[in-house]
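Chemist: What follows is a structure written as structure tokens; I'll ask about it next.
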Amino acid sequence: MSKFVFDDSLRLGITLIDEQHSRFIGYINDTWDALERGDSSAEFLPILNQLLDYVVEHFSCEEALMREHGYPGYRDHKERHNQTAAELFDFDLRLLVNDREESAAFLNFLTAWLRNHILVVDKELATFLRDKGIS
Amino acid sequence: MAIVHLIAEKGLSERLQSCMEGKKIIGYRRLREQDIEIGQPLRHSVHSETGALLLKKGYVIKDEVQRNKLVNQKVYIYASPDKPGSAAYRSGLARAQQEKESDRLVDVFEWVESHYGLLAIIYQEFARGPDETTRAKVNLLAERIHRAAEKHHDGLLAAIHLAEGKAYSHIKAFHVAVLCEVLGTRIGIGPAQRVSLVAAGLTHDVGMWQLQDELQLREEPLTDEQWQQIRKHPTTTVALLKKAGVVDPTWLQAVQQHHERLNGSGYPQGLKENQIAQVARVLAVADTFAAMVRQRGDRDKRLPKEALRDIFLSRGEEIDGTLAQLFIKELGMFPPGSACRLVSGEIGIAVGPGTSAAAPDVEVIFDHDGQPMKRAVLRDTTSKGFAVREIVPLPEHPARQALLAKMWDKVPKKGRL
Ligand SMILES: [Fe+2]
Ligand SMILES: [Fe+2]
């Protein structure tokens with residue numbers, strides 16, 4: 001799996017959101033590294049346990065921005081957050097313990113999801129916010 | 001020098017220090033309960049921590065609520081200290097000594113057990129017909145929880161989580177009260193209002209607690225009549241509280257609105273958004289969580305993670321979004337008292353958040369072969385090899401209670417700090 005680099009193509013121009021995305025990517029990369037080093041899956045479980053916490057914070061933060069600025073796509077965007085949140089809450093992290101293939105599949109899912117989340121869903125929001133003069 | 005000693009003890013502001021030194025006032029001390037006689041004019045003026053005049057000498061304190069609020073704030077009076085050797089001085093010493101003794105330290109389980117006893121008396125009184133003394137007991141219990149939770153909320157939450165054989169209505173209310181204090185602190189609700197909120201947490205369902213406990217055993221759907229009773233219980237409860245002499249608007253409003261939901265789907269009034277008071281929103285989150293993690297006749301108890309999932313998914317619709325997020329962050333998927341199996345194979349108890357609530361500190365009491373250990377060993381679950389793998393039922397351990405009791409600091413029985 002090629003490294004997931006937070007470059008300009010992923011930068012949306014809204015500082016707070018960009019910061020959180022870049023942290024999120026860093027964190028996915030750490031997990032990839034652990035997997036590639038051949039660490040046992042059990043050893044990156046601590047990182048994964050933080051995942052929900054992280055997602056809850058990020059979604060809440062984006063939604064607060066949307067509400068604050070009266071974003072018309074709020075409902076849709078929040079609904080997408082809900083779908084992902086439900087999947088992650090329901091996902092049984094125990095499946096990853098000692099199963100490298102499951103772990104890689106899970107990380108691929110996260111990577112693909114995050115790319116789409118940034119480049120499709122959040123991009124619209126960022127355009128709206130930038131038009132309002134927010135950065 | 002007495003002044004210096006007092007200042008050091010109370011950490012008074014510099015402004016006040018110079019003011020006091022200039023005036024050579026010797027006895028400036030924290031206001032105590034015994035300085036106030038209810039219904040009698042105050043013998044001393046009362047000042048804030050920064051020295052501002054709050055109440056003039058001669059002001060009359062009407063009731064206990066007012067007195068307790070005052071005593072719990074950091075407020076001060078100028079009073080000449082009693083002369084050493086005088087009768088007043090000796091009786092003061094004796095009183096202080098007595099207070100110290102009666103306020104002995106107990107472990108969190110004992111603390112919860114004895115206060116659960118008080119709560120059970122309160123609920124009995126509400127069933128028979130409450131009066132002023134019932135309200136005073138709730139106030140006392142709310143104060144105690146408020147004080148104890150400041151340093152010991154993890155221990156209290158754990159002891160409540162691990163409590164066995166308790167009435168659903170009582171232990172759930174106890175849980176809600178502590179959660180209200182924790183979340184209330186987190187969002188910056190002031191101490192006096194928090195005590196009111198805790199009192200609301202303790203009593204939010206007293207208008208239907210017997211029904212609640214009966215329903216514990218039910219498997220059939222609710223009858224129409226039961227359903228009506230439930231829809232009305234916030235109103236019934238408020239009426240009962242008023243009968244007990246509760247006039248505190250924060251307390252009453254939190255109870256009245258604790259089943260109202262942001263999108264208007266709640267009851268009894270179907271209030272929306274800003275029509276619902278913040279204290280009621282806090283109570284609603286706490287109540288939702290405390291109910292979900294307990295078994296009820298018609299459904300199994302759910303894991304904290306599952307309860308938090310539902311709370312998060314209903315954010316902005318039913319539950320206040322900001323509160324939902326803060327609640328999840330504060331509590332985490334492995335709240336204090338949860339029995340956890342680590343990837344090392346060891347089993348232990350989450351004692352409180354480690355670096356974050358997502359990675360609790362865990363005291364393990366079963367080794368990787370499932371053998372009970374003689375002493376608990378603390379594990380940092382962010383470190384390699386000790387991540388939490390899952391929540392499990394706590395297996396029997398020969399020294400379980402003794403080990404558990406040592407996991408949290410002891411609590412002053414009356415919750416004094
Ligand atoms: Fe995002
Ligand atoms: Fe209720």
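Chemist: Report Rg (one decimal) and Dmax (nearest whole number) for region B:339-410, counting Cα atoms only, units Å.
Modeler: Cα-based Rg and Dmax for region B:339-410 come out at 11.2, 31 Å.
Chemist: Amide H of B:Arg218: which non-local residues (sequence gap of 5 or more, or other chain) have their own amide H closer than 5 Å, using H built in the peptide plane?
Modeler: Under 5 Å from the amide H of B:Arg218: B:Gly297.
Chemist: I've got another one for you. Which value in Å is the Kirkwood Rh of region B:126-180 over different Cα pairs?
Modeler: Details: mean 1/r = 0.0816 Å⁻¹.
Evaluated over region B:126-180, this radius sits at 12.3 Å.
Chemist: Also, quick follow-up: Per residue and in Å³, how big is the convex hull formed by the alpha-carbon atoms of region A:17-127?
Modeler: Dividing the Cα hull volume of region A:17-127 by its residue count gives 87 Å³.
Chemist: Moving on to the next point. Quote the total accessible area buried by chains B and A together, excluding ligands, DNA and RNA, probe 1.4 Å, nearest 100 Å². Can you show the working numbers first?
Modeler: On the way: alone 20590 and 7480 Å², together 25710 Å².
Heavy-atom accessible area buried at this interface is about 2400 Å².
Chemist: Between B:Leu54 and residues 5 or more places away or on another chain, which pairs have amide H atoms under 5 Å apart, with H built 1.01 Å from N, and which residues are they?
Modeler: HN-HN under 5 Å from B:Leu54: B:Val46, B:His47, B:Ser48.
Chemist: By Kyte-Doolittle mean hydropathy of at least -1.0 and Cα axial length of at least 27 Å, which whole DSSP H helices of chain A are selected?
Modeler: Both cut-offs are met by A:15-36.
Chemist: Tell me, what is the FRET efficiency for B:Thr133 and B:Glu110 to the nearest 0.05, using R0 = 41 angstrom and their Cβ-Cβ distance as r?
Modeler: Working: r = 25 Å, r/R0 = 0.60.
Computed FRET efficiency for B:Thr133 and B:Glu110: 0.95.
Chemist: On the principal axes of its Cα set, how long, how wide and how thick is the protein assembly as shown? Give whole Å, largest value first.
Modeler: 82, 64, 60
Chemist: Further question: With just the Cα atoms of region B:206-261, tell me how far they stretch along each of the three principal axes, in Å, largest first.
Modeler: 38, 25, 16
Chemist: For region A:1-110, what % of the accessible area comes from carbon and sulfur atoms, probe 1.4 Å?
Modeler: Ligands and nucleic acids excluded, carbon and sulfur reach 48 percent.
Chemist: Using a probe of 1.4 angstrom, how much of the accessible area of region B:258-350 is carbon and sulfur, in percent?
Modeler: That share works out to 42 percent.
Chemist: Please list, ordered by chain and number, the residues whose modelled amide H lies under 5 Å from the amide H of B:Gly264; skip anything fewer than 5 residues away on the same chain.
Modeler: B:Glu273
Chemist: Which FRET efficiency, nearest 0.05, do A:Leu16 and B:Gln295 yield, Cβ-Cβ r, R0 51 Å?
Modeler: So the FRET efficiency works out to roughly 0.80.
Chemist: Let me ask something else about it. Please list B:Phe366, A:Phe128 in order of solvent-accessible area, largest first, computed with a 1.4 Å probe with all protein chains present.
Modeler: A:Phe128, B:Phe366
Chemist: Just to be sure I understand the model, the point goes 7 Å from the Cα along the line to the Cβ. What's the resulting B:Asp63 to B:Glu225 distance in nm?
Modeler: Those two pseudo-labels are separated by 3.4 nm.
Chemist: Give, in nm to one decimal, the length gained when the segment between B:Glu37 and B:Gln210 is fully stretched (0.36 nm per residue of separation minus the Cα-Cα distance). Intermediate values should be presented prior to the final figure.
Modeler: Details: separation 173, 0.36 × 173 = 62.28 nm, distance 3.78 nm.
The span from B:Glu37 to B:Gln210 would gain 58.5 nm if fully extended.
Chemist: Over 19 Å between Cα atoms: which of B:Lys151/B:Lys374; B:Lys243/B:Lys413; B:Lys301/B:Lys410; A:Lys78/A:Lys123; B:Lys172/B:Lys301 fall into that group?
Modeler: B:Lys151/B:Lys374; B:Lys243/B:Lys413; B:Lys301/B:Lys410
Chemist: Could you calculate the FRET efficiency of A:Asp99 with B:Lys384 from 1/(1 + (r/R0)^6), where r is the beta carbon distance between them and R0 is 22 Å, rounded to 0.05?
Modeler: After rounding to 0.05, the efficiency reads 0.80.
Chemist: Let me ask something additional. Show me B:393-403, B:324-334, B:183-193 ranked by packing, highest mean number of other Cβ atoms within 10 Å first.
Modeler: In decreasing order of mean packing, B:393-403, B:324-334, B:183-193 become B:324-334, B:183-193, B:393-403.
Chemist: Accessible area per residue, 1.4 Å probe, Å², for chain A: what's the number?
Modeler: Heavy-atom SASA per residue in chain A reads 47 Å².
Chemist: Based on a Kirkwood Rh over C-alpha pairs, give the Stokes-Einstein translational diffusion coefficient of region B:258-395 at 4 °C and viscosity 1.567 mPa s in µm²/s.
Modeler: On the way: Rh = 16.3 Å.
Taking Rh from Cα pairs, D becomes 79 µm²/s.
Chemist: Follow-up. Cα centroid distance between region A:93-125 and region B:319-394, in Å?
Modeler: 25
Chemist: Summarise the partner chain shielding of A:51-60 as one whole number: the mean count of Cβ atoms from other chains within 10 Å of each residue's Cβ.
Modeler: Counting Cβ atoms of other protein chains within 10 Å of each residue's Cβ and averaging gives 5.
Chemist: Whole number please: convex hull volume per residue, Cα atoms of region B:105-331, in Å³.
Modeler: Numbers: hull volume 26.4 nm³, N = 227.
In region B:105-331, the Cα convex hull volume per residue is 116 Å³.
Chemist: Taking only protein heavy atoms and a 1.4 Å probe, what accessible area per residue, in Å², does region B:105-331 have with all protein chains in place?
Modeler: Per residue, region B:105-331 has 39 Å² of solvent-accessible surface.
Chemist: I would also like to ask the following. Using helices alone, what [θ] at 222 nm do you get for the protein assembly as shown, with -39,500 (n - 2.57) per DSSP H run of 4 or more residues, divided over all residues and rounded to the nearest 500?
Modeler: On the way: 21 runs with 297 residues, N = 552.
Using -39500 (n - 2.57) per qualifying helix, the result is -17500 deg cm²/dmol.
Chemist: Compute accessible area for region B:298-327 by itself and then with all protein chains, 1.4 Å probe, and report residues whose area falls by 20 Å² or more.
Modeler: The answer is B:Lys305, B:Arg309, B:Phe312, B:Leu313, B:Arg315, B:Glu317, B:Gln325 - residues whose exposure falls by at least 20 Å² when every protein chain is included.
Chemist: Please arrange B:Thr355, B:Thr250, B:Thr322 by accessible surface area, largest first, computed with a 1.4 Å probe and ligands excluded.
Modeler: B:Thr355, B:Thr322, B:Thr250
The values are calculated or read from the model by the stated rules, or taken from the named source; none is laboratory data. In this text the structure is predicted, and so the values were computed from the model without any measurement. Quick reminder, even Gly has a Cβ in these numbers, built from the backbone with ideal geometry, and neighbours come from all protein chains shown. These accessible areas exclude ligands, DNA and RNA; they are computed on the full protein's heavy atoms, side chains included. Shrake-Rupley method; radii C 1.70, N 1.55, O 1.52, S 1.80 Å.
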